[in-house]
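One structure is given here, and the rest of the page talks about it.
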């Protein structure tokens, strides 16, 4: 079973030792597997460890116990096949849009590079902005650069840690549509962290609901609605209620 | 929170102030002697501080200004009369600026510099001289300079362009047929000359004592020639008083010059009997609050060869000063020609016959140890 | 007491009051010029306050000045300007600063980068650097003369020393304050070792390095005056010492003003470095500064946003064209 799964997380615990207040348990006994081409959301309130879990899977940190495997191999560190898109963009402000997107392709011959970079810049809708510097772009545009940069290396997995968190709600809606379009076109596995229930419902195939202190998986909900998703349908509403229930939050104020 | 920080900051500054005052008072001074350099210090001689006028005279630590600390010491040990306090400077420019800004009323200073000040409009007058001779040209101990001509192409330090040391160099250069620039004349404050010679930054220097002897005694230099050999009764520095003070407080100036003159007479009064007065003066003047130099050096300069310096015949001579004025004009140091009366006032110089010497040995001199800074 | 300083001061103050009512953009030099005029007026008045009367032997009163006034200062500088001395000395000073500063940057930036990046390096060298940094370059003068004599090299050594520590410290801080997200991104894309350093660490640190260069240049220019007073025989610092010895205080003040003006020029030059695309991001945008003008400027910002927004809203980029 694990050979066919893209990502397998087994019995993972993450403990931060502290001197005074006693060790902080961030993640407790996490079991998770992600199939290839799947869009999985990690949903939960702040402090539930979802960003930590993402970092562990991505290789930026090691679990205190348990294993993380990608395609059957243990994760030892960051790798270009598993690319992160951060909340605070992470694109380099000292390089132009073109140079940013071309970052992962620096070892390829110039002609090939050019083709790929141009394709993805067009794909995310930034045609014409190749020579612009990030300081002149809006938040949404900067995020598109990050996505383009991630896509250009054709990774197996893309991790997104609340990538639309710093954008206004209108832009967020646009970006979700864009992301789905790109995902359907390029067909890669996406692991997406969010605290926004609607976002998770609009994007994910499966939603991993997490609870805080210590971080645990409360439930993994499958969303079997086809895209484009009707935000008004009763199925959608039922799922939403279920999620709010799991999160322990009242949704009628 | 901010208020607490502000209070803490103020408390620290106030605390530092008190700490500084306390530590300043604990400075070591010779017992029984008022701390001349620290204003407000208590003296063992209550009469010395109470009810008597105080007057500050500036000086540089050179033998030409020796009568300043000596007179200062004497007046501080007297029971009557004004107290002359001495204020030490380390270089002539600061002293000049203090005079211009009226921060000091009288000071010992290079004679040409005083004349330049008058030419530039600062109202001061020369009232008395410091000493005669007492300027020497020193070269490195292993240098190959043995006569004046050997200085061609070399660097010689002078205390300032407005000094008779400079004039003497220019005069001798002219006499030996050298052009301007054949010898590089560099201005340095007197205390820096010996170290510059030792560091070989300069090849020679011409300066008043005891800075000449410093190089001689630590074996880094030797005498090339004495200024007095080339320009007899060489004049270097003298006492300069602001005109305002002369106009408004003539009595004080008279008392000052009389004190200076009697100190000078006293210094030279027992030269044939072992020069004990000069030994005393060397001991006192070399202390921390005056010159702060090695007593041995000052003593050597004043007593080893008593013709090295002379403390009599100190009434400013008109003919000599006119000669100096002509030389300034010639060497373009001072553009206009001033009359003697415009910059000198010899009315204060007393007739030495009429001065009585206050005592034989300096008071309090027995308890003083030689200074080694 | 002459009248013109008060008239000039009045005009300057009037300019300030009117300026608040005028719309942008004002001619850029107007306000600085008014401040300069006010400064000169105050200077002149202070000089006049510092003169005192002196009764000459023939009974007439002469006013004795203790400090040169603005016009005399200008006149006092006429000679060095005319015979080229001022230019020669200014070039000498700038040359020494340029060489010394260049040496400091060439050594300081790499050292700072190393110390900032390698924590062992920081542990080892930082205490020594922080101990030597507070020692004023002027305190180094005796050693400089001892080692180099009284030549150009002594002054250059002092300048290099003065500039070195701010550059190293600034560069080190720059490397240490790089947001970790940049390094994470870089590692994610497989950048390591020297390539990571070259493509990410160094460019990310550049803005702060430039800021520390700017500060170091300011310090270097201050130090050159002190350094040139140690019996070097040319340069603006030497000019001040020489003028002081010559009792020419007009030239002293005039030289000080020259030093100030050149300092402004040097700062202007180094600020041009901030305009390059590769580092512009690290410096506050005029529009983003929080000032009383930000309300007006914000309107402009909105216009920019609309332009970009309009571009994006075209069918095809965002939405499927129906």
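Equivalent ellipsoid semi-axes for the protein assembly as shown, as square roots of 5 times the alpha carbon gyration tensor eigenvalues: give them largest first, rounded to whole Å. The partial results should precede the final answer.
Values: eigenvalues 1349, 190, 155 Å².
Those come to 82, 31, 28 Å.
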Relative to chain B, whose Cα atoms define the longest principal axis, helix B:67-77 and its Cα axis are tilted in degrees, nearest 10, by 20
The percentage of Cα-Cα pairs in segment C:1-155 separated by more than 25 Å is 66
Scoring chain C by relative contact order with C-alpha pairs under 8 Å, at least six apart, yields a percentage of 17
1/(1 + (r/R0)^6) with r = Cβ-Cβ of residue B:54 and residue C:56, R0 = 35 Å, i.e. FRET efficiency to nearest 0.05, evaluates to 0.75
For chain B, the Cα gyration tensor yields equivalent-ellipsoid semi-axes (√(5λ), largest first, whole Å) of 34, 25, 23
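What fraction, in whole percent, of alpha-carbon pairs in segment B:251-334 exceed 21 Å separation?
49
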Nearest 10, in degrees from 0 to 90: the angle of helix B:250-267 to the longest Cα principal axis of chain B is 70
Averaged over residues of A:92-104, the number of beta carbons from other chains lying within 10 Å of each residue's Cβ is 4
Per the rule of 0.36 nm per residue minus the C-alpha distance, extending residue B:330 to residue B:229 adds in nm 34.1 nm
Per GNM of chain A with C-alpha springs under 10 angstrom, the most fluctuating residue out of A:36, A:226, A:45 is A:226
Of A:160-173, B:56-69, ordering from highest average Cβ density within 10 Å down gives B:56-69, A:160-173
Here the gain from full extension of residue C:3 to residue C:181, 0.36 nm per residue of separation minus their alpha-carbon distance, amounts to 57.7 nm
Shielding of B:74-85 by other chains, given as the mean Cβ count within 10 Å, works out to 0
Between the modelled labels at residue B:199 and residue B:2 (7 Å from Cα along Cα→Cβ) the distance in nm is 4.9
Rounded to the nearest whole number, the Stokes-Einstein translational diffusion coefficient of segment A:1-146 at 25 °C and 0.890 mPa s (Kirkwood radius, C-alpha pairs) in µm²/s is 139
Connecting every pair of Cα atoms under 10 Å apart in chain B and solving the GNM, the largest mean-square fluctuation among B:98, B:261, B:215 falls on B:98
Between the alpha carbon centres of segment B:211-228 and segment A:21-70 the gap in Å comes to 85
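Taking a quarter of the surface of the Cα convex hull of chain C, what do you get in nm²?
26.4
Starting from the Kirkwood radius over alpha-carbon pairs of segment B:135-230, derive D by Stokes-Einstein at 20 °C in a medium of 1.002 mPa s and give it in µm² s⁻¹. Don't skip to the answer; put the middle values down first.
Working: Rh = 12.8 Å.
Approximately 167 µm²/s, per Stokes-Einstein.
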One finds the C-alpha centres of segment C:231-257 and segment B:310-340 to be spaced, in Å, by 27
Mean 1/r over distinct Cα pairs of segment B:72-226, inverted to a Kirkwood Rh in Å, yields 17.1
Packing-ranked peptide list from A:206-212, B:228-234, A:16-22, highest mean Cβ count within 10 angstrom first, is A:206-212, B:228-234, A:16-22
Computed from the beta carbon distance with a Förster radius of 60 Å, FRET efficiency for residue A:235 and residue C:118 to the nearest 0.05 stands at 0.60
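Once the Cβ-Cβ distance between residue C:267 and residue B:19 is put in as r, and R0 is 41 Å, what FRET efficiency do you end up with, to the nearest 0.05?
After rounding to 0.05, the efficiency reads 0.55.
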Rg from C-alpha atoms of chain A, normalised by the globular rule of thumb 2.2 N^0.38 Å, equals 1.03
Cα-based Rg/(2.2 N^0.38 Å) for segment A:88-154, rounded to two decimals, is 0.97
Here, segment C:13-94 modelled as identical Cα point scatterers in vacuum has Debye log10 I(q)/I(0) at q = 0.26 Å⁻¹ of -1.12
Longest principal axis of chain C (C-alpha) makes with the long axis of helix C:119-132 (C-alpha) an angle, in degrees to the nearest 10, of 10
Taking the alpha-carbon centre of each part, the distance from segment C:66-91 to segment A:158-197 in Å is 68
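How crowded by other chains is C:191-201, given as the mean number of beta carbons from other chains within 10 Å of each beta carbon?
Going residue by residue through C:191-201 and averaging, the value is 2.
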Under a Gaussian network model of chain B whose springs join Cα atoms within less than 10 Å, the largest fluctuation of B:188, B:16, B:327 belongs to B:16
Length gained, residue C:87-residue C:13, 0.36 nm per residue minus C-alpha separation, equals 23.2 nm
Checked segment B:212-361 with the C-alpha gyration tensor, a ≥ b ≥ c its square-rooted eigenvalues, rounded below a/c of 1.5, otherwise prolate if a/b is larger than b/c and oblate if not; verdict oblate
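A short reminder: the numbers here are calculations on the coordinates, not readings from a lab. Fair warning: this is a prediction, and the values are worked out from it, not measured in the lab. Every residue, glycine as well, gets a Cβ built from its backbone with ideal geometry; the counts of neighbours run over all protein chains shown.
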